[in-house]
1. Which angle from 0 to 90°, rounded to the nearest 10, does the C-alpha axis of helix 358-372 make with the longest principal axis of the chain?
2. Under 10 Å, Cα contacts only: if you run a Gaussian network model on the chain, which one of Arg47, Arg226, Arg251 comes out with the highest mean-square fluctuation?
3. Pairing the Cα long axis of helix 107-116 with the longest principal axis of the chain, what angle in degrees results, from 0 to 90 and rounded to the nearest 10?
4. Give the relative contact order (percent, whole number) for segment 231-372; include only Cα pairs under 8 Å separated by 6+ residues.
5. Could you compute the FRET efficiency for Ala315 and Thr273, with r as their C-beta to C-beta distance and R0 at 22 Å, rounded to 0.05?
6. Ordered by packing density, taken as the mean number of other Cβ atoms within 10 Å over each peptide's residues, highest first, how do 102-109, 39-46, 316-323 rank?
7. Once fully extended, how much extra length lies between Val228 and Met1, figured as 0.36 nm per residue of separation less the alpha-carbon to alpha-carbon distance?
8. Which residue fluctuates the most in the chain, going by a Gaussian network model with Cα springs under 10 Å, if the choices are Ala219, Ala171, Ala315?
Amino acid sequence: MSTGEGTRAVRAGLPKARKHEPALPGPAFAAHYHLPGEPTGPYTYGRDSNPTWTLLEQAVGELEAPGETGVETVVLASGMAAVSAVLLSQVGAGDAVVLPDDGYQALPLVRERLEDYGVEVRTAPTGGDAQLSVLDGAKLLWIETPSNPGLDVCDVRRLADAAHARGALVAVDNTLATPLGQRPLALGADFAVASATKGLTGHGDLLLGYVVCRDAELAARVRQWRKVVGAIPGPMEAWLAHRSLATLQLRSDRQCANALALARTLAGRAEVTGLRYPGLPEDPAHAVASQQMRRFGSVVSFELPGRDHAERFLAQARLVDDATSFGGVRSSAERRGRWGGDAVAEGFIRFSAGVEDTDDLVADMLRALDAAAGRDA
Ligand SMILES: Cc1ncc(COP(=O)(O)O)c(C=O)c1O
C-alpha cells in the first residue's frame, strides 16, 4: 500500500502485529544470545547484530528509500561513526577522495586519518557544485548538502552523474535535511549517511548514526567496519531513536515553518548580514534546493555585528538554549566561532528552530535582537 510520509514515519520498521505483543518491542539488552550448535545468525554476538537495531534499520531504510527493496541500512554509534565507516571502509592507499571544504567541522579529522593511510584528499566548496572541478580520478565523492554551518547547497543529481561517469562512488551526508527533506539515493547517491543525533530523532537525548545503500557489497564493508571498530549503538539508544521516528513528520513540519518565519524576521533586521536559509525564496541556494528538497530543514544561519553583539543576543533569548547541536524540539543557537575550525565570522550564529509556537519564537527573537542592539523591547 502506498502511503504518505507521516503514515510511513508512524509505522516505519514495526513488526507484524501479534496478539499480546507491543507495537514496538522494547530494547534487547544482550551481549550474546543462546547459540547451541553451529554459530549461524541472525543473532550470535552483540557486536554483530541486535534485534532492536534490525527494526530501526528497517525503519530508516523505509524512510530513506520508500518502496524500494534491497536497500541495506547499518546503524552506528554516532554520526561520526557513520561518516568514518563509509570513508574508511570504501577507500584505501592510493585512492583519491573529494570532500567539501565547508562541511561539518570533524570532517578535517577524518581527512587526517585518510591521509595517514595514504589516501589523497581533495576539497572544494559545496556551493556552485565546485566539487565537480576536482573529481577526475577520484574513488569517492563526499557531499554535504545543506552544509553545516554555512547552509550552502549543491545539485546532488548533477554531481552524482558526473562522479559515476568517472567511476566514483557518491555519499551524501543527509543530516540537516533528514529523509523527509531529501532522499539522496533517489537523487543518484550510492550512500545516504547521517547523524541521527539531530533532526531524525530530535530530542537531544541520544547519539546515533546510519548508513543506507542499495549495494549489498558496499553495505557489507560498512557492517564489517562497524564490527572491527566496535562502533555499535546501544540498544536503548536504538529503541529511543525508533520511538522518536513516529513524530518525525510533525516535528519537521513545525521546525521548518518556524525556521522560515525566523528567517523572514531576520531578513528585515538592519543589523543582520549573511542570512542563509535554503527555504527563503531570496536565498542563493533556493532554486537548486527546491529541485531536490521537500523540506528545507530547521537550521538558519546569520551574522550579527561581532562577538559581543552575538553573545548579548544569545544571553537575552529566553526560549532558545545556548547549546551546540541542532534539530531538536527545543530551539537552540550558538556562536559558532567559539569552537574554532569553521570559516565563520565572530558574530556568526547557527540557529536551530524547535517546535515552539511560531509567534512565541519570533517574539522572543525580536526581543533578544532589540536588547542585544541596546534597544528596550
Ligand atoms: C552534517 C553532520 N554530519 C555528521 C555529524 C556528526 O554527528 P554526531 O555528532 O552524531 O557524531 C554532524 C554533527 O553535528 C553533522 O552536523
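Throughout, read-outs are computed from the coordinates displayed, never taken from laboratory work. Worth saying up front: this structure is predicted, and the values here are computed from it rather than measured. Cβ atoms come from the backbone with ideal geometry, glycine included; neighbour counts cover every protein chain shown.
1. The angle comes out at about 50 degrees.
2. The residue with the greatest mean-square fluctuation here is Arg47.
3. 50 degrees
4. Reported as a whole number, the value is 25 percent.
5. 0.60
6. In decreasing order of mean packing, 102-109, 39-46, 316-323 become 102-109, 316-323, 39-46.
7. Gain on stretching Val228 to Met1: 77.8 nm.
8. Comparing Ala219, Ala171, Ala315 in a Gaussian network model of the chain, the most mobile one is Ala315.
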